[in-house]
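Visitor: Can you read through this structure? Questions will come right after.
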Amino acid sequence: MSIFPWTRRSRKLAKNHVPSPAQALEITLRSDVRQIIADIGNVALRSTISDEVLREVPILNFVVAAGRMIRTVQDILLVKKLIFFLTEIESTTLDERIAFLSKAAENKKVSEDFGSLILTVLVRIEETTKAKLIGLVFRKMVLGTLSQDIGTRIILIIEKAFWADLVEMGTIHESKILESIDLVNAINPLGILMDLDMGVLLGGSGKGYPGSYEINPIGKVLIEVLKQYFSRKEEGST
């Protein structure tokens with residue numbers, strides 16, 4: 001009998017084939033997210049973990065499918081990142097998540113394998129704090145306050161950005177961002193600035209001359225998300 005009572009659907013799927021990352025994320029979003037967080041936490045506490053146990057948690061099943069097992073420090077970090085990510089989604093309702101999944105399946109503007117994109121980003125990032133921030137963006141997408149295409153762009157920017165730069169952008173006044181040559185040069189490759197002289201998005205070739213730069217619409221959305229995230233942390237929210 002499964003150690004996770006909510007996984008009947010995932011067990012049935014696993015018997016037929018290993019779910020793709022997209023399927024793993026969908027099963028997770030269609031389940032009791034709070035219980036899944038607890039189950040992932042239980043997995044992280046085990047000194048030895050069998051593939052059979054991992055297959056019971058759909059969002060970890062893709063790890064097994066990739067030929068990985070949670071044994072190393074890096075793998076334990078992945079489990080922690082998944083917990084941080086899912087904690088942000090926990091407050092959404094099942095109906096909200098199902099409605100989002102339906103819209104996401106019809107959206108041709110983003111990756112065809114949206115679940116794979118999200119989980120791949122979570123694997124690649126090194127900071128658990130980024131996973132929590134990405135979870136906040138994802139929650140906004142589920143709730144409809146961010147479109148899927150804009151939210152996906154923001155997630156990919158967060159992945160590439162240096163965490164200290166994200167902290168600075170989220171904790172200082174927007175006007176101050178363009179006054180720092182070092183910060184302008186650091187965020188230049190992220191595609192969130194516009195050179196007013198050239199009128200084009202910068203791609204990493206410019207030098208830091210803040211007077212000629214402007215934050216573009218994607219950058220403004222990113223800053224709004226960052227300010228919400230860091231102001232919440234200052235208030236003591238987790």
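The values are calculated or read from the model by the stated rules, or taken from the named source; none is laboratory data. The structure displayed is predicted, hence computed values, not measured ones. Ideal geometry is used to build each Cβ from the backbone, glycine not excepted, and the neighbour counts take in all protein chains shown.
Visitor: Do we have I172 as assigned by TED's automatic domain parsing to the domain that holds A104 and of a type in the set (V, I, T) here?
Guide: no
Visitor: List the residue pairs whose Cβ atoms are under 7 Å apart, where the first residue sits in region 24-40 and is more than 9 Å from R97 (Cβ to Cβ), the second is among the polar types (S, T, N, Q) and in a helix (DSSP H, G or I), and the two are 6 or more positions apart or on different chains.
Guide: A24/N61; I27/S10; I36/T28; I37/T87
Visitor: Would you mind finding the one in F114, F162 that is buried (at least 19 other Cβ atoms within 10 Å of the Cβ), out of contact with any Cys (no Cβ under 6 Å at 6 or more places or on another chain) and not small (G, A, S)?
Guide: F114
Visitor: Then there is this: Based on this model, can you work out whether I76 counts as surrounded by fewer than 21 Cβ atoms within 10 Å (Cβ to Cβ) and either modelled with pLDDT of 65 or more or not in a helix (DSSP H, G or I) (or both)?
Guide: It is true that I76 is surrounded by fewer than 21 Cβ atoms within 10 Å (Cβ to Cβ) and either modelled with pLDDT of 65 or more or not in a helix (DSSP H, G or I) (or both).
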